[in-house]
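Following: one structure in structure tokens, then a few remarks.
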Amino acid sequence: MSRSVDYYFSIHSPWAFLGYAAFLDVARRHGLRINFRPVQLGELFAETGGLPLARRHPARQRYRLVELKRWRDVRGIELHLAPVHWPFDPGLADRLIIAAQIAGHDVAPLVGRLGAGAWQRQENMADPATLALTLAELGLPAGLVEAADSDKARTIYQTNHADAVEADVFGSPSYVLDGEVFWGQDRIELLDAALSSGRAPLTP
């Protein structure tokens, strides 16, 4: 029986984008099923004690930029540190993924394309017209943009938040395997090792 991992993330997170290809590779090699769970990071931070970037101490903000540069090089991925349209409200883009899930589409390519739009192509991922063009590029129906604003998509978005808090998730990306949280794209190698060993999940 294949194992599954709950993947909590937001298109707003550069870290989620930086680690995405590596995460997909781990999932592919282990036959791991990914449960894509977009979350609203502002709400998650507020409930779990995190601070939005603008409210962090300048030393932490500076260190974040250094780390982004380091991991950009490690992963070999082009990444703009301060894209033209960032920060932006990621709600619609996050819920677009949910709408695509509801419609039965494989959302892995969409997640990657939305992340590239935000962090490489410097597109406005809060703009419905831009999102519609992104869907067209992937051969997905434009009606998903409207579906992303549906009550059902919004309810699932909030359910993802509640489930994240329940699972002790507090940031993006987080990978939850059998109840064990791996926070940050720099923990992908630890996730890989846990899957390879078959060990029992670690608990506090």
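The values are calculated or read from the model by the stated rules, or taken from the named source; none is laboratory data. None of these values were measured; they are calculated from a predicted model. Using ideal geometry, Cβ is built from the backbone for each residue, glycine included, and neighbour counts are taken over all protein chains shown.
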Restricting attention to the stretch 33-49, the residues that are within 17 Å of the chain's Cα centre (by Cα), outside any strand (DSSP E or B) and touching a residue at least 40 places away in the same chain (Cβ under 8 Å) number exactly 6
Does Leu68 satisfy the criteria of being assigned to a helix (DSSP H, G or I), at pLDDT below 95 and more than 30 Å from Ala136 (Cβ to Cβ)?
-> no
A careful count of residues in the stretch 98-120 that are outside any helix (DSSP H, G or I), surrounded by 16 or more Cβ atoms within 10 Å (Cβ to Cβ) and not aliphatic (A, V, I, L, M) gives 1
Reported set for the stretch 29-65 where residues are at pLDDT 95 or above, aromatic (Phe, Trp, Tyr) and under 20 Å from Ala93 (Cβ atoms) is Phe36
Selection over the stretch 139-154 where residues are over 18 Å from the mean Cα position of the chain (by Cα) and either part of a helix (DSSP H, G or I) or loosely packed, with under 14 Cβ neighbours inside 10 Å (or both) yields a count of 8
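Residue check: is Val5 in a helix (DSSP H, G or I), touching a residue at least 12 places away in the same chain (Cβ under 8 Å), of a type in the set (Val, Ile, Thr) and closer than 23 Å to Leu190 by Cα?
No.
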Within the stretch 106-139, the count of residues that are more than 19 Å from Phe17 (Cβ to Cβ) and either among the small types (Gly, Ala, Ser) or touching a Pro at 6+ places or on another chain (Cβ under 9 Å) (or both) comes to 4
